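To start, the structure itself, in structure tokens.
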Amino acid sequence: MTRPGQCGDRITVVGGGIAGMVCALDLAPRPVVLISRAGLGQESSSQWAQGGIAACLGADDSVALHLADTLAAGAGLCDPEVAETILSGAPEAIAALEAYGVRFDRTPDGDFARGLEAAHSRKRILHVDGDGTGAALIRALAEAVTRCPSITVLTGAEAVRLVQRDGQMRGVLLNDGRLLSSSQVVMATGGLGGLYDASTNPVGNYGQGVMLAARAGAQLSDMEFVQFHPTALNARGRPLGLVSEAVRGEGAVLVNEHGERFMEGTPGAELAPRDVVARAIATQIARGHRVFLDARPALGAGFANRFPGIARLCQAAGIDPAQQPIPVRPAAHYHMGGIHTDSHARTSLSGLWAIGECAATGLHGANRLASNSLLEAVVMAQRAARDIAGHAATGPRGKRPVPTPLPPVAETAAVRRIVSDRLGLRRDDHGLRSAVADLAPLAQGHGPSADPAIIGLAIAVFALLREESRGAHARSDCPAPRTGSASRRMTLDDIMAVAEQQTAQSLPRSA
């Protein structure tokens, strides 16, 4: 394995999920160093993606229809131009994945087998092995990366700081103290669901890429919008297993322990937008009910053929979905906000691009449309690679960057308690202000909680400033949406300033 100090000024991709691997492959034959904390895809939410990838390829479908569904789900905060650009990239993205060895499920006549998910007006979800899409994509891309001679993979390494000089990217500090020299860095580190007790994300994913970019001075956008998947398997262990929305797309219904179908009178019923379904389930649980997803009438004995991975997940928990309803609960699943980027994946920092879940492109708005995320990951990885190819690497000229001390190994326990308790499905002014007050000292410090606290504080500050309920952000004290609502961009300095102001306002006045 090539050591970082021997890699020169290569393009550096931080993150070994779908977005990171596609970007590295599309940059070939330019030399790339791909940093993966574990094996390729091993600590990536991509691997667990069950539903599939949204692509408007059917004869009854169009980019215009897909865009309309995306904008409706995004609750007024999508960037329509960016969204149209990404959705229009579906044919090229699917063709690229097939070229890398992905084999999407097909109908007997050879067409793509397309599924339906919540808030989609057409069947446009392409899948592999029923519910094994993410794992299949990871396998195919990892094999392609391994075969690609221009990609050096560093496993067991973690980026802990970005290093700049004179406003230019100069390298990535690794957790063993080595500095990987690079003037072109792509952040592809995934989400932040590991900050929540109930989450479908890898436990270690607390938003590292967003933290790294924020510490370097990048603008963040829409940090308050954390999507909770309505139907995580309600069983022991972390992370919680996911029961794909595609199960509801096949006709499964939500019921409580009395068999009451509580979504029946809601527009869209079980296929209403995720935030609507998640809050309806949370309301049932808050009232003391248990909630189940009943697939027996719709799928019965055919459940395991259509959803083999979910069937195995249920069986491991002692549940037979062909004979029993599946116990479910909401869980943190996807982050719509993150590092602000343009349509070419450029961030506000020269030499830094961001792709995948850590990026806020404007596609998702306040609430992600199901299965748009895998499409976004591939399309934006391709666009980033093209953009980087058009930028000459500046190289490490003149003085070397000032040495950066290694931070302590991050600990999330203290931050997770605050985030889970006060930044969940429902929020209010008191809880948000107390979260800011508790997280700010941790974020401003130099202890092991500092890095995760920066992400928790960003969510809390953005949520406090958004005095309305919109999409995935629901405030019991501000239940209605506001006219003219817009996305917000802030740097870490801005976030800290708001936190200090709120803390000062909450202090008792001296006599």
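Each reported figure results from applying straightforward, stated rules to the coordinates on display, with no laboratory input. Values in this document were obtained by computation on a predicted structure and should not be read as measured data. Because the Cβ atoms are built from the backbone with ideal geometry, glycine has one as well, and the counts that use them run over all protein chains shown.
Placing a pseudo-label 7 Å from each Cα along the Cα-to-Cβ vector at Gln168 and His258 gives an inter-label distance of 6.9 nm.
Stretching Ser150 away from His446 to a fully extended chain increases their span by 102.8 nm, per 0.36 nm per residue minus the current alpha-carbon distance.
Stretched out straight at 0.36 nm per residue, the stretch from Asp111 to Ser476 would grow longer than its current Cα-Cα span by 126.8 nm. Note on the chain: Rg/Rh from C-alpha atoms, Kirkwood Rh, equals 0.96. Magnitude of the charge dipole for region 231-330, about its Cα centre and with charges confined to Cβ atoms of Lys, Arg (+1) and Asp, Glu (-1), is about 340 debye. The calculated FRET efficiency for the pair Asp421 and Thr266, based on their C-beta separation and a Förster distance of 25 Å, comes to about 0.35. Spatial offset of region 363-383 relative to region 400-473 amounts to 25 Å, using the alpha carbon center of each.
Note on region 136-253: Rg/Rh from C-alpha atoms, Kirkwood Rh, equals 1.05.
For the chain, the share of DSSP beta bridges that are antiparallel, to the nearest 5, is 65%. In region 413-506, one over the average inverse separation of all distinct C-alpha pairs is 13.4 Å, which is the Kirkwood hydrodynamic radius. The stretch between Glu98 and Ala59 holds 12.0 nm of extra length on full extension. This uses 0.36 nm per residue minus the Cα-Cα distance.
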